[in-house]
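> Here it is, the structure in full.
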Amino acid sequence: MARRHAKTKAYVEAYAKAYEVHNASARIIESLIREILADPPLEIHQISCRPKSIESVRLKLLEKRYKNPGRELTDALGVRVITYYSQDVDTVVDKLRESLKIDEKNSGDKRKALTLKEFGYKSVHLQAQTKRSWASNPKYSQIRNKWFEIQVRSILEHAWAEIEH
């Protein structure tokens, strides 16, 4: 137990020291997602990316009790893609799946947890990494081999998530 806490503490300290690098990576990931979704252009309300806050990392590591935080924490960098219409979510997800390496085991469609008459948190979560030409492009070298989480939802689903959060 004490060893796990020491690993957690060391990881959080290293994450905090590299926070500006994480911010830079987030900007690069956002640029990548914008480039992927630009051709053909899709109607997107918002694309944003951010690194998880240092406190959020600490709390998540304590809650999840990861043995290897460097490998198991896959959402330290998070992207939100918000569409105007719910029917566009699948189009965006398909385009991202074509262009990025997706960890299917750790990705999921939260929309499937609800019946047609239920209303609640709806979002598609993809654990992603660069692949093919994106991975070899010098513009994206800083994010090569980094996992990031992409949440795709409509503006209405986003409003609900913000209220619920």
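> Output yes when any residue across the stretch 49-70 is of a type in the set (Asp, Glu), closer than 30 Å to Thr91 by Cβ, open to solvent by 60 Å² or more (accessible area, probe 1.4 Å) and at pLDDT 90 or above, and no when none is. Walk me through it before giving the result.
Taking the stretch 49-70 as the starting set, the residues that turn out to be of a type in the set (Asp, Glu) are 55, 63.
Subsequent filtering for residues that are closer than 30 Å to Thr91 by Cβ retains none.
Among the residues of the stretch 49-70, not one is of a type in the set (Asp, Glu), closer than 30 Å to Thr91 by Cβ, open to solvent by 60 Å² or more (accessible area, probe 1.4 Å) and at pLDDT 90 or above, which makes the answer no.
> Going by the conditions given, is Glu162 among the acidic types (Asp, Glu), at pLDDT below 80 and within 18 Å of Val81 (Cα to Cα)? Break it down stepwise before answering.
Numbers: among the acidic types (Asp, Glu): yes; at pLDDT below 80: yes; within 18 Å of Val81 (Cα to Cα): yes.
In short, yes.
> Checking the structure you have, find out if any residue of the stretch 28-46 is without any contact (Cβ under 8 Å) to a residue 24 or more places away in the chain, surrounded by 12 or more Cβ atoms within 10 Å (Cβ to Cβ), basic (Lys, Arg) and in contact with a strand residue (DSSP E or B) (Cβ under 7 Å, 6 or more places away or on another chain). I'd like the intermediate steps shown before the answer.
Looking only at the stretch 28-46, we keep the residues that are without any contact (Cβ under 8 Å) to a residue 24 or more places away in the chain, and these are 34-35, 38-41.
Narrowing further to those that are surrounded by 12 or more Cβ atoms within 10 Å (Cβ to Cβ): 34-35.
Then drop every residue that is not basic (Lys, Arg), which leaves 34.
Checking the rest, the ones that are also in contact with a strand residue (DSSP E or B) (Cβ under 7 Å, 6 or more places away or on another chain) come to 34.
Yes, because at least one residue in the stretch 28-46 is without any contact (Cβ under 8 Å) to a residue 24 or more places away in the chain, surrounded by 12 or more Cβ atoms within 10 Å (Cβ to Cβ), basic (Lys, Arg) and in contact with a strand residue (DSSP E or B) (Cβ under 7 Å, 6 or more places away or on another chain).
> Here is a follow-up. Of (1) on the phi < 0 side of the Ramachandran plot; (2) out of contact with any Leu (no Cβ under 8 Å at 6 or more places or on another chain); (3) touching a residue at least 12 places away in the same chain (Cβ under 8 Å), Arg65 satisfies all except one. Which?
Looking at each condition in turn, Arg65 falls short on (1).
> Scan the stretch 15-27 for residues that are farther than 30 Å from Glu98 by Cβ, open to solvent by 60 Å² or more (accessible area, probe 1.4 Å) and among the aliphatic types (A, V, I, L, M) and report the count.
As a first pass, look at the stretch 15-27 and keep what is farther than 30 Å from Glu98 by Cβ: 15-20.
Now narrow it down to the ones that are open to solvent by 60 Å² or more (accessible area, probe 1.4 Å): 17, 20.
Then drop every residue that is not among the aliphatic types (A, V, I, L, M), which leaves none.
So the count comes out to 0.
> Now for a different question. Picking from Ser133, Ser154, Ser123, Ser99, which residue would you name as being modelled with pLDDT under 90, buried (at least 17 other Cβ atoms within 10 Å of the Cβ) and under 30 Å from Glu20 (Cβ atoms)? Full working, then the answer.
Numbers: Ser133 fails: buried (at least 17 other Cβ atoms within 10 Å of the Cβ); Ser154 fails: under 30 Å from Glu20 (Cβ atoms); Ser99 fails: modelled with pLDDT under 90.
Only one candidate passes the filter, namely Ser123.
> Same structure, new question: Taking the stretch 59-82, which residues are of a type in the set (Lys, Arg) and under 23 Å from Ser123 (Cα atoms)? Step through it out loud before you land on a result.
Taking the stretch 59-82 as the starting set, the residues that turn out to be of a type in the set (Lys, Arg) are 60, 64-65, 67, 71, 80.
Within the stretch 59-82, Lys60, Lys64, Arg80 meet the criteria.
The values are calculated or read from the model by the stated rules, or taken from the named source; none is laboratory data. Every value quoted in this text rests on a predicted model; they were computed, and no experiment measured them. So basically every Cβ, Gly included, is an ideal-geometry build from the backbone, and we count neighbours across all protein chains shown. With ligands, DNA and RNA removed, areas are computed over all heavy atoms of the protein, side chains included. Shrake-Rupley method; radii C 1.70, N 1.55, O 1.52, S 1.80 Å.
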